[in-house]
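Working notes for the structure below.
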């Protein structure tokens, strides 16, 4: 991993710049097969903190999807982040969440191009405009029953019905995450 001296993680607060506790990031580990040239394939990473997080109150350990965790098409999921509230808009100071539905993989491939979407990715969106992930939500979770099934990766626009968001499929990386965290 690479030494990461300028990054911090805030826990125990829904506000990006206040409350809770902050921890310095000691290292960040990028997936060894990540390559921007492959259109965001293997878009996952791990941060190791310099100090341990104290669990309790608003701070709880999360769960990740195991290798056999499957989320069916049209299943409700939640995307969470501090990203832009609209295309070209402002960053959110408060953590926001939006309910989405898993998009059929073949439909997502049709929209983005077959070579852009692969089995390492999962797509989620909504049937009307105005709901979805946006710029700066990247790295945030896509949750199904409080289990992280996706990691926000990319999309076109923000919350446009015809362009679902694309997430790294956590179940494909469960072993790598566990062996490196």
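A short reminder: the numbers here are calculations on the coordinates, not readings from a lab. These numbers were taken from a predicted model, which means no experiment stands behind them.
So the values come out like this:
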| item | result |
| --- | --- |
| Between the stretch 128-144 and the stretch 46-63, the alpha-carbon center distance in angstrom | 22 |
| Helix-only CD estimate at 222 nm, as mean residue ellipticity for the chain, using -39500 (n - 2.57) per DSSP H run (n ≥ 4) | -2000 deg cm²/dmol |
| Added length on full extension, which subtracts the Cα-Cα distance from 0.36 nm per residue, residue 30 to residue 99 | 22.0 nm |
| Given (i) 16.9; (ii) 20.9; (iii) 18.9, the label whose value is Kirkwood radius over Cα pairs in Å derived from this model | (i) |
| Residue-span extension gain [residue 146 to residue 59] - 0.36 nm each, minus C-alpha spacing | 29.9 nm |
| Length-normalised contact order for the stretch 63-172 - Cα pairs under 8 Å, 6+ apart - percent | 32 |
